[in-house]
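Enquirer: My structure is below; once you've seen it, I'll send some questions.
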Amino acid sequence: MSLKEELKSERVSHLDLSRFCQIVSGTAVRQSLANMRQNKTNVCLITKENALIGILTERDVLTKVATNPANLNRTVDDIMTANPITVTPDTSAADALWLMDEKQFRNLPVVDRDGKIKGNMTHQAVISFLAARYPVEVLNRPPRPDHFPHKQEGG
Amino acid sequence: MSIPITLNRKDFVSDQTVRWCPGCGDYAILASVQKTLPDIGVPKENIVFISGIGCSSRFPYYMNTYGIHSIHGRAPTLATGLAIANPELSVWVVTGDGDGLSIGGNHLIHAIRRNINLNILLFNNRIYGLTKGQYSPTSRTGTKTKSSPMGSLEQPLNPIALAMAAEATFIARSIDAHTQHLNETLMAASQHKGISFVEIYQNCVIFNPNEWIGLDDRRVRDENILYLEHGKPMIFGKDMDKGIRLNGFRPAVVQLGNGITEDDLLVHDETSTQLAFILASMEFPEFPAPMGVIRRVEKQTYTDGLMNQIETARQIKGNGNLRTLYESADLWTVTAKDQNGVASKQTGQLSLEVDEEYVDELDKEPEVTTAMQDRLIEDTIAALSPKAPITIDVSASLAKAVRQMNTHRIGCLVVTDAHDKLVGIFTEKDVLHRVVGLVEDLETAVIADYMTPDPIALKANLPIAQALHEMHMHGFRHIPLVDDEHRPEGIISFRDVVHHLKERFA
Ligand code: SF4
């Protein structure tokens with residue numbers, strides 16, 4: 001089974017889309033970063049009246065804030081990527097992934113038809129899916145890769 | 001003042017070569033335990049692993065903690081003594097369905113009943129693995145094994161119901177293949193004071209590989225697992241469209257919609273004894289398998305009760321005296337008597353032949369291998385055509401690091417020492433979480449203080465599955481590749497792995 005076939009039958013909503021936090025438009029960049037740190041996430045979705053209007057990632061922080069600390073005091077709206085492309089929860093996971101690769105996205109927000117934010121699709125979601133899909137090959141490995149048993153002897 | 005020490009997974013990895021069969025579910029459980037322990041808030045020297053006999057019971061060797069590989073079925077007894085003698089300890093019992101429910105069935109029940117402060121992990125694979133494939137106390141009736149060629153005639157034991165019968169104060173269930181769920185369950189168990197009993201469905205790939213079909217496959221598991229959450233209605237299914245309702249005394253699966261709403265469903269209550277019995281009785285595939293915390297109640301632990309009694313006795317009678325105690329009872333003197341040894345009829349010689357049965361089972365053709373499985377095992381990391389790493393010296397300033405990342409438009413720097421050996425990794429994640437807005441002067445700050453030191457690094461000749469393993473278990477976006485001298489020679493990311501698997505079949 002190829003990756004495409006694997007992911008065709010899954011809706012994007014079946015993957016782990018929990019890697020993001022949310023913040024409202026107008027929040028200071030400094031506060032937004034604090035929120036991301038508190039939520040242990042690298043992605044922040046920005047909303048206005050509950051609708052998604054932008055996205056801020058660790059890449060933006062590196063390229064726009066690390067080099068220019070004055071941006072810490074501006075609002076998140078000034079440095080976010082506005083109007084990100086989104087998919088609906090019933091999009092197939094394969095379509096979502098192919099779209100990400102085509103557009104060179106690392107994040108793809110998932111928003112339902114009523115505009116409600118449902119999650120954030122990432123490559124990590126695909127990695128985790130595959131790990132749990134093939135646990136014998138991927139999960140069941142020794143703690144140190146160089147310590148694979150030479151003799152197959154069971155318990 | 002004590003300085004808090006931050007532990008990480010590596011602190012719990014021992015130097016022993018793991019000897020479970022390749023692909024055994026025990027590996028995933030080991031990885032989860034090693035991942036969770038740094039966060040339970042107990043110093044490493046206060047953690048002990050005690051096991052009995054069986055495949056799972058090799059666990060203590062692989063943990064870099066104190067541990068005892070003890071007597072068959074008797075792990076709970078040693079653990080009981082230890083937990084009472086030193087209440088500071090976090091004591092973990094690792095047992096299996098054979099060791100815990102057959103050979104040591106009684107010890108298990110009574111350790112649970114006493115509410116000793118222990119964490120008992122019962123790896124349930126429904127087979128005897130170490131002795132090569134006989135039916136176990138949890139094997140389903142009719143299971144054909146080497147010791148039941150016409151099918152087992154016995155009724156399987158229900159571990160959760162047994163723990164309920166012994167009034168366990170914490171009962172949970174999880175499965176080896178669901179890392180995140182297992183991590184959370186282990187964490188919850190570690191935080192409970194008193195007995196924590198965790199049944200973990202575990203895949204014995206050699207002797208019982210199909211036991212958990214439907215539950216350990218990512219494509220269908222969410223359809224078949226009921227994830228329990230205290231205070232929440234029992235909804236399940238990949239699209240959260242089914243639920244559990246009570247019809248009289250019987251639980252029933254219902255489809256939501258057509259007049260059936262969340263309000264009709266059972267609501268999970270970790271403190272309800274009756275509900276726990278109902279959940280214990282729900283067997284997959286007739287019902288979804290309940291997973292998570294089934295029961296959690298607070299009760300006095302045995303140790304606390306015992307210490308109170310000792311204190312009370314001391315207050316009433318004063319401190320005891322061992323000699324007085326000895327001499328207060330009748331004493332006998334035992335004397336030696338001449339005896340002729342009893343001759344044994346046996347020679348005492350052990351068979352020196354190697355048992356070939358594992359090898360036979362392993363040599364069998366694997367059942368169904370998809371192209372993806374082949375790719376994960378046969379393609380090496382080198383096939384990802386890893387990018388050359390951009391390196392930076394460990395003494396460089398943060399300002400330089402940030403400049404380099406921006407010039408090269410990359411999210412990850414590999415940090416090396418004077419001998420060009422890998423000593424750390426510094427990523428845009430670190431820039432977000434540890435640097436921006438937190439560090440005053442990037443010119444004077446040194447990367448050594450902000451990087452992840454001694455990161456997991458892989459060799460390019462390992463299978464891609466290993467890269468997926470590290471990325472999934474630890475959430476690392478980047479993994480450096482090193483040569484035999486531990487010098488960086490490449491870097492791979494989430495995207496490289498996914499992209500490779502995607503293109504390989506395009
Ligand atoms: S016999 Fe089964 S349980 Fe034992 S190590 Fe092998 S796969 Fe694991």
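Enquirer: Can you pull the mean other chain C-beta count within 10 Å for peptide B:21-34? The partial results should precede the final answer.
Expert: Values: counts 6, 8, 6, 6, 4, 2, 7, 8, 2, 4, 5, 1, 1, 1.
Mean shielding count: 4.
Enquirer: Round to the nearest 0.05 the FRET efficiency obtained for A:A82 and A:Q31 when R0 = 22 Å and r is the Cβ-Cβ distance.
Expert: Efficiency computed from Cβ-Cβ geometry: 0.70.
Enquirer: Could I ask something else about it? Go ahead and collect, in residue order, the members of region B:213-231 whose backbone nitrogen is under 19 Å from a label point 7 Å along the Cα-Cβ direction of B:E286.
Expert: B:213-215, B:224-226
Enquirer: Counting pairwise Cα distances across region B:373-505, what percent come out greater than 25 angstrom? Working shown, then result.
Expert: Numbers: 2326 of 8778 pairs.
Result for the distance tail: 26 percent.
Enquirer: Residues of region B:414-438 with amide nitrogen under 14 Å from the 7 Å Cα-to-Cβ point of B:D449?
Expert: Residues B:434-436, B:438 fall inside that zone.
Enquirer: Whole angstrom only: what separates the Cα centroid of region A:28-66 from the Cα centroid of region A:68-128?
Expert: 12
Enquirer: Using the per-residue mean of other Cβ atoms lying within 10 Å as a proxy for protection, in what order, highest first, do the peptides A:64-76, B:414-426 fall? Write out the running numbers ahead of the final one.
Expert: On the way: A:64-76: 16.8, B:414-426: 19.2.
With the highest mean Cβ count within 10 Å placed first, the list reads B:414-426, A:64-76.
Enquirer: Order of B:S90, B:S281 from fewest to most other C-beta atoms within 10 Å?
Expert: Numbers: B:S90 20, B:S281 16.
Least crowded to most crowded, the residues run B:S281, B:S90.
Enquirer: Averaged across A:6-13, how many Cβ atoms of other chains sit within 10 Å of each residue's Cβ atom? Don't skip to the answer; put the middle values down first.
Expert: Values: counts 6, 1, 0, 1, 3, 2, 0, 3.
Other-chain Cβ atoms within 10 Å of each residue's Cβ, averaged: 2.
Enquirer: Enter the Cα centre distance for the pair region B:448-501 and region B:24-84, rounded to the nearest angstrom.
Expert: Region B:448-501 and region B:24-84 have Cα centres spaced 29 Å from each other.
Enquirer: What is the mean projected area of the alpha carbon convex hull for the protein assembly as shown, to one decimal in square nanometres? Spell out each step's value before the answer.
Expert: Details: hull surface 158.9 nm².
For the protein assembly as shown, averaging the hull's shadow over all directions gives 39.7 nm².
Enquirer: Residues with amide H under 5 Å of B:G237's amide H, sequence separation 5 or more or different chain, H placed in the peptide plane at 1.01 Å from N; which?
Expert: Excluding prolines and chain starts, which carry no amide H, the hits are B:I225.
Enquirer: If I model a spin label at B:E298 and A:D101 as a point 7 Å from the Cα along the Cα→Cβ vector, what separation in nanometres do I get?
Expert: With each label placed 7 Å out from Cα toward Cβ, I get 5.3 nm.
Enquirer: Antiparallel as a % of all DSSP beta bridges within the protein assembly as shown, to the nearest 5? Walk me through the numbers on the way to the answer.
Expert: Values: 48 of 88 bridges.
That works out to approximately 55 percent antiparallel.
Enquirer: Helix-only mean residue ellipticity at 222 nm, chain A, DSSP H runs n ≥ 4 weighted -39,500 (n - 2.57), per residue, nearest 500. What is it? Display every interim value, and only then the final one.
Expert: Values: 6 runs with 46 residues, N = 155.
So the helix-based figure for chain A works out to -8000 deg cm²/dmol.
Enquirer: Once you have the alpha carbon radius of gyration of chain B, what is it after dividing by 2.2 N^0.38 Å, with N set to its residue count?
Expert: Numbers: Rg = 27.3 Å, N = 506, 2.2 N^0.38 = 23.4 Å.
Relative to the rule-of-thumb radius for its length, chain B sits at 1.16.
Enquirer: What ranking of B:C24, A:C21, B:C412 emerges when the number of other C-beta atoms within 10 Å of each C-beta is taken as an exposure proxy, fewest first?
Expert: Values: B:C24 29, A:C21 19, B:C412 22.
Going from least to most buried by this count: A:C21, B:C412, B:C24.
Enquirer: Name the long-range amide H neighbours of A:G119: under 5 Å, sequence gap of 5 or more, or other chain; modelled H, no Pro or chain starts.
Expert: Placed amide hydrogens put A:V110 under 5 Å from A:G119.
Enquirer: Apply the a/c threshold of 1.5 to the C-alpha gyration tensor of region B:1-116 and tell me whether it is rounded, prolate or oblate.
Expert: Details: a/c = 2.29, a/b = 1.17, b/c = 1.95.
The shape class here is oblate.
Enquirer: Less than 12 Å Cβ to Cβ from A:A94, Lys/Arg counted +1 and Asp/Glu -1: what total charge do the surrounding residues give?
Expert: Summing Lys and Arg as +1 and Asp and Glu as -1 gives -1.
Enquirer: Once the other residues with Cβ under 12 Å from the Cβ of B:T6 are scored (Lys, Arg +1; Asp, Glu -1), what is the net sum? Could you put the intermediate results ahead of the total?
Expert: Values: positive: B:R9, B:K10, B:K44; negative: B:D11, B:D39.
Charge balance near B:T6 sits at +1.
Enquirer: Using a 10 Å cut-off around each Cβ, can you sort B:Y128, A:Y134 from fewest to most neighbouring Cβ atoms? Intermediate results must be reported in sequence, preceding the final value.
Expert: Values: B:Y128 27, A:Y134 23.
Fewest-to-most Cβ neighbours within 10 Å comes out as A:Y134, B:Y128.
Enquirer: Using R₀ = 22 Å, calculate the FRET efficiency as 1/(1 + (r/R₀)^6) where r is the Cβ-Cβ separation of A:I53 and B:N406; round to 0.05. Write down the numbers at each step before the final one.
Expert: Values: r = 26 Å, r/R0 = 1.19.
Here the calculated transfer efficiency is 0.25.
Enquirer: Further question on the same structure: Spin-label point model (7 Å from Cα, Cβ direction): what's the B:A388 to B:E440 distance in nm?
Expert: Roughly 4.0 nm, to one decimal.
Enquirer: Another question about this same structure. Taking only the alpha-carbon atoms of region B:389-451, what semi-axes of the equivalent ellipsoid follow from 5 times the gyration tensor eigenvalues under a square root, in whole Å, largest first?
Expert: So the three semi-axes of region B:389-451 are 17, 13, 10 Å.
Enquirer: Ok, one more. Could you order peptides B:294-307, B:485-498 by the average number of other Cβ atoms within 10 Å of their residues, highest first?
Expert: Working: B:294-307: 17.3, B:485-498: 20.1.
With the highest mean Cβ count within 10 Å placed first, the list reads B:485-498, B:294-307.
Enquirer: Next question. So what is the calculated 222 nm ellipticity per residue for chain B, using -39500 (n - 2.57) for each DSSP H run with n of 4 or more, over all residues, to the nearest 500 deg cm²/dmol?
Expert: On the way: 15 runs with 137 residues, N = 506.
Rounded to the nearest 500, it is -7500 deg cm²/dmol.
Enquirer: Per residue of B:9-19, count partner chain C-beta atoms within 10 Å of its C-beta, then hand back the mean as an integer.
Expert: Numbers: counts 1, 2, 0, 1, 4, 3, 2, 4, 8, 7, 9.
Across B:9-19, the average partner-chain Cβ count within 10 Å equals 4.
Enquirer: So what's chain A giving for Rg/Rh, alpha carbon basis, Kirkwood Rh from the mean inverse pair distance?
Expert: 1.09
Enquirer: Just to verify a number: FRET efficiency for B:M150 and B:Q309, C-beta to C-beta distance, R0 = 41 Å, to 0.05? Walk me through the numbers on the way to the answer.
Expert: Numbers: r = 53 Å, r/R0 = 1.30.
So the FRET efficiency works out to roughly 0.15.
Enquirer: Would you mind putting B:12-18, B:134-140 in packing order, based on average other-beta-carbon counts within 10 Å, highest first?
Expert: B:134-140, B:12-18
Bear in mind that the values in this text are calculations on the coordinates, not laboratory data. Since we're looking at a predicted model, the values are computed, not measured. Here Cβ is always computed from backbone atoms with ideal geometry, including for glycine, and neighbour counts include all displayed protein chains.
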